[in-house]
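Take a look at the structure set out below.
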Amino acid sequence: MNSKTADKNHSVLFFTVEGMTCATCVNRIEKVLGKKPGIGSVNVNLASERAETTFDPNVVTVKSILESVEKAGFSVPRETTEYEIQGMTCAACSTRLEKVLARLPGVVAASVNLATEKAAVTWPSGAGDDESVMTAVEKAGFKALPADIPAERRALAEMDIAIAARRDAIVLAGSVLLTLPFMIQMLLSWGGVEWTMPGWVQLALATPVQFIAGARFYRSAWGALRGLSANMDLLVAIGTSAAYGLSLYMLADEVAHVGHFYFEASASVITLVLLGKVMEGRAKRSTTAAIRALMALRPETANVIRDGDETQVPAESVRAGDVTRVRPGERFPVDGVILRGRTQADESLITGESMPIAKDEGDTVTGGAVNGDGLVEVEATTVGAESAIARIVRLVESAQATKAPVQRMVDKVASVFVPAVIAIAAISYFKDIFIGWPQADAIIVAVSVLVIACPCALGLATPTAIMVGTGRAARHGILIKDAESLELAHRVNTVVLDKTGTLTEGRPILDRIVSLTDGGEDDLLRLAAVAQGGSEHPLARAVIEAAKGKGMATGMPDSFQAIAGKGVAAMVGGRDLLIGSRRLMMETGIETASEEARAQSMEDEGLSVIWVAEKNPRQRLLGFISVGDAIKDTAMEAVRLLADAGIETVMLTGDNNRTARSVASRLGIGRVVAEVLPEHKAQEVERLRSEGRVVAMVGDGVNDAPALAAADIGFAMGTGSDVAMHTAGITLMRGDPRLVIAAISVSRATHRKILQNLFWAFIYNVIAIPAALMGLLSPAVAGAAMAMSSVSVVTNSLLLKRWRP
């Protein structure tokens with residue numbers, strides 16, 4: 001255990017510190033922490049890169065300790081562990097559990113999601129302690145299970161859940177049968193027919209409902225009271241116990257209270273709330289349908305070729321480098337590269353692409369995609385937790401487990417809601433007694449208030465909408481990192497688009513070569529290709545591929561230096577070459593004026609011009625090469641759809657101004673910021689934000705990462721770099737710019753659902769509580785209304801399943 005109690009008032013925290021280089025670093029950390037109030041001793045070990053500190057958790061938090069170390073210039077890695085929580089019934093439960101977990105020694109942050117029934121606990125790296133979490137959860141009246149438990153234990157846990165669900169169904173069926181006579185009695189009285197069961201019959205029917213079917217409410221209420229808090233089950237337990245106890249008192253003095261019993265109130269409330277819980281559980285399981293569909297894509301077996309023989313093995317046992325054989329109609333068991341054969345792959349459930357994609361030798365395939373009509377052999381590249389499907393599932397689960405900013409406000413309301421309702425019910429009871437109401441009537445009004453005021457709907461309003469929204473988005477190739485990104489995207493009014501790879505195909509091809517030397521075009525092409533051999537820039541790759549296409553031996557330069565945003569400097573065969581932009585030529589004193597007219601005419605056509613010059617043996621311009629990058633077929637439609645949605649588009653590119661404006665004019669983009677160095681892209685985004693805009697940045701390259709981070713929300717093309725995808729809040733699985741407006745659309749649809757859910761949850765209580773206070777609602781009606789409020793919120797969220805891009 002890496003964080004433990006040191007004494008009555010102090011805890012000990014162990015954590016890893018990265019970035020220390022000498023004893024001075026150690027002294028700096030010890031000095032910084034030593035100054036903080038609430039810190040006792042501090043001991044930092046340079047060799048093990050570990051720090052130990054004693055602190056008073058009532059004065060200083062773990063989070064502030066780690067932030068102080070980071071502000072001093074070091075890094076404190078963190079890790080988040082997920083737990084499955086059983087036994088939560090309302091938002092008050094999740095809020096209370098969040099506070100319990102946040103108070104554990106060593107915990108940086110804790111988040112509990114009612115809809116997913118999961119808790120996420122963040123610790124300093126290596127300080128996680130499952131045992132302390134599960135013990136704390138159990139003491140709070142719930143049950144916790146690590147989300148990453150082995151398959152065998154998970155199967156047993158799921159079996160327990162299935163058994164519990166069957167048991168709940170049997171209990172509900174028995175409760176319904178026992179409550180049915182009360183319902184008939186109530187319906188007949190509403191129809192003017194007076195028929196009342198004898199008191200002892202009512203007692204016999206209500207008692208099993210109260211103490212067997214209702215046992216779960218008493219257990220949960222007791223757990224809440226032990227934790228010095230209140231939840232929905234406490235309201236139900238108090239309310240139904242009051243109605244049952246009043247009826248018992250009346251039955252004991254039956255002469256004075258002939259026929260006036262309220263057993264039907266307690267029995268019907270428990271039965272209706274149980275029914276609501278069962279319906280709510282089924283509806284909540286529907287919200288996770290997207291995750292289950294993605295997980296079902298992974299085949300259980302794979303046909304692996306070893307020593308020339310084909311062997312069927314479990315898919316999880318396939319390792320990188322193994323060769324698998326995939327027949328027509330089968331799913332690819334792993335991510336990999338086609339070694340032999342050609343086919344088509346249906347990736348619709350992974351990328352949202354509706355049409356099968358042709359795959360040839362050397363092309364990559366994604367595990368879970370359906371093989372078309374070809375027999376292919378695939379070499380596994382990424383397997384297990386690093387496979388595309390696993391990463392998608394992890395990302396969607398992570399988004400569903402996080403809380404949107406509005407949810408935190410709702411949780412605060414829910415945490416005080418239940419105690420407030422109990423106080424209102426008590427005041428109502430004493431007020432009614434004071435003004436002369438019969439005690440029975442005063443108790444029933446108080447019971448109605450207790451039963452109808454439940455924060456369940458409030459707690460489910462936001463997370464259920466987010467679960468369905470992120471699930472639908474994933475089915476259409478839109479991966480949303482967290483709930484905040486989903487909620488924020490609906491406010492976007494400006495979209496900044498990178499040009500290469502976002503609006504264009506990102507696969508430039510050589511167009512023309514203009515040589516100013518005796519060596520001619522082929523010599524210029526060869527020099528440019530060799531000089532750029534160490535570059536991964538798309539324009540450089542276009543030149544290299546063109547040289548290879550002509551059968552030239554390209555190879556690597558004698559020396560190579562990339563000049564960010566401008567080009568490269570390289571030594572080839574004793575010649576000191578410069579390859580790159582007009583700016584690079586100007587900064588190094590290379591004269592381009594004589595060729596500007598021809599170069600600019602090409603740029604006006606939307607072509608990019610690569611200048612080629614040498615500094616030694618003599619400084620001169622050798623010529624230039626024009627490269628074209630085709631505009632994506634869907635780019636113009638994407639810009640139009642954004643404009644129709646009231647969103648301004650801005651092109652941000654490192655390409656020259658004339659080429660950028662040519663592409664922008666064809667697409668209908670009015671605002672262009674060109675010739676921007678990679679390190680300045682983030683500044684341009686910040687400038688747009690300073691104008692009061694809510695900015696989304698769309699990019700696909702490593703050089704787009706700072707701008708993606710600087711924007712209010714980043715959109716990374718899934719066809720681009722891992723760095724861009726890691727930085728962005730939303731990843732688009734296809735290189736289709738129309739997915740940008742689709743992502744904004746699903747965010748707007750989800751936000752609308754959240755507002756609708758919160759409106760109905762709040763308005764329900766605003767209307768229902770006063771109605772109950774005035775005696776207009778019987779406990780049975782109150783119980784039915786309360787149960788249906790949660791079901792209606794979840795059902796409304798499920799309507800998001802109808803969303804289409």
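The values are calculated or read from the model by the stated rules, or taken from the named source; none is laboratory data. Because the structure is a prediction, the values reported are computed rather than measured. Every residue, glycine among them, receives a Cβ derived from its backbone with ideal geometry; neighbour counts consider all protein chains shown. In case anyone asks, the SASA skips ligands and DNA or RNA and just uses the protein heavy atoms, side chains included. Shrake-Rupley method; radii C 1.70, N 1.55, O 1.52, S 1.80 Å.
Below 8 Å between Cα atoms, with a sequence gap of 6+, how large is the relative contact order for the chain in percent? Kindly include the intermediate steps, with their values, before the conclusion.
Details: 1624 pairs, mean separation 92.9, N = 805.
The normalised contact order for the chain reaches 12 percent.
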Exercise for the section: Could you pull out the pairs from 71/412; 99/431; 63/412; 143/277; 63/481 whose alpha carbons sit more than 27 Å apart here? Expected result: 71/412; 99/431
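Where Lys and Arg each count +1 and Asp and Glu each count -1, what net charge lies around residue 70 among other residues with Cβ under 12 Å from its Cβ? Present the calculation step by step, with values, prior to reporting the outcome.
Working: positive: 63, 71, 78; negative: 18, 67.
Around residue 70, the surrounding residues sum to +1.
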Exercise for the section: Subtract the Cα-Cα distance of residue 618 and residue 43 from 0.36 nm times their separation in residues, and report this length gain in nm to one decimal. Expected result: 200.8 nm
Exercise for the section: Give the share of C-alpha pairs in each 10 angstrom bin for region 616-769, from 0 to the last occupied bin, in whole percents, shortest bins first. Expected result: 10, 31, 32, 13, 9, 3, 1, 1, 0
Handout entry: Reachable lysines, given that their alpha-carbon falls under 20 Å from the alpha-carbon of residue 550 and they are not under 8 places away in the same chain
Key = none
Practice task
Among 485, 177, 102, pick out the residue whose Cα is farthest towards the positive end of the charge dipole of the chain, where Lys and Arg carry +1 and Asp and Glu carry -1 on C-beta, about the Cα centre.
Solution key: 177
Exercise for the section: Out of all DSSP beta bridges with both ends in the chain, state the antiparallel percent to the nearest 5. Expected result: 80
Practice task
Please work out the Cα center distance from region 508-525 to region 578-594, rounded to the nearest Å.
Solution key: 17
Handout entry: Cross-link reach list, lysines versus residue 632, counting only Cα pairs under 24 Å and skipping chain neighbours closer than eight places
Key = 359, 499, 681
Problem - Per residue value of the accessible surface for the chain (all protein chains in place, 1.4 Å probe), Å² - result: 43
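If you roll a 1.4 angstrom probe over the protein chains with everything in place, what fraction of the accessible area of the chain belongs to carbon and sulfur, to the nearest %? Please report the intermediate quantities before stating the final value.
Numbers: 19730 of 34960 Å².
Carbon with sulfur: 56 percent of the solvent-accessible area.
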Completion exercise
FRET efficiency (residue 225, residue 441; Cβ distance; R0 25 Å; to 0.05) is 0.35
Fill in the blank from the handout: Taking R0 as 56 Å and r as the Cβ-Cβ distance between residue 30 and residue 588, the FRET efficiency 1/(1 + (r/R0)^6), rounded to the nearest 0.05, comes to 0.70
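Using just the helices of the chain, give the 222 nm mean residue ellipticity in deg cm²/dmol: DSSP H runs with n ≥ 4 each add -39,500 (n - 2.57), and the total is spread over all residues, rounded to 500.
On the way: 27 runs with 390 residues, N = 805.
Helices in the chain give a 222 nm mean residue ellipticity of -15500 deg cm²/dmol.
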Handout entry: Cα lying deepest toward the dipole's positive end in the chain, options 774, 793, 706, charges on Cβ
Key = 774
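Please list 530-539, 46-55 highest first by mean number of surrounding beta-carbon atoms within 10 Å per residue.
Values: 530-539: 20.8, 46-55: 16.8.
Order by mean packing, descending: 530-539, 46-55.
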Practice task
Work through the residues other than residue 331 whose Cβ is under 15 Å from its Cβ and net out their charges, Lys, Arg +1 and Asp, Glu -1.
Solution key: -3
Practice task
Treat every Asp and Glu Cβ in the chain as -1 and every Lys and Arg Cβ as +1, leave all other atoms uncharged, and give the resulting dipole magnitude about the Cα centre to the nearest 20 debye.
Solution key: 1640
Completion exercise
Here the tail fraction of P(r) beyond 19 Å, over all Cα-Cα pairs of region 437-563, rounds in percent to 72
Problem - In nm, spacing of pseudo-spin labels at residue 166 and residue 630 (7 Å Cα→C-beta vector) - result: 5.9
Practice task
Enter the mean projected area of the convex hull around the alpha-carbon atoms of region 592-656, in nm², rounded to one decimal.
Solution key: 5.8
Problem - Estimated distance in nm for a label pair at residue 595 and residue 249, the labels positioned 7 Å out from Cα along Cα-to-Cβ - result: 10.0
Handout entry: Structure-derived Kirkwood radius over Cα pairs in Å - corresponding label in [x] 29.7; [y] 32.5; [z] 31.0
Key = [z]
Exercise for the section: Run down the lysines and flag those whose C-alpha is under 16 Å from the C-alpha of residue 753, throwing out any fewer than 8 positions away in its chain. Expected result: 284, 403, 801
Exercise for the section: For residue 56 paired with residue 799, estimate the spin-label separation in nm (one decimal), with each label point 7 Å from Cα along the Cα-to-Cβ line. Expected result: 5.4
Completion exercise
Quick P(r) readout (region 295-378; Cα-Cα; 5 Å bins; whole %) gives 3, 17, 29, 27, 17, 5, 1, 0
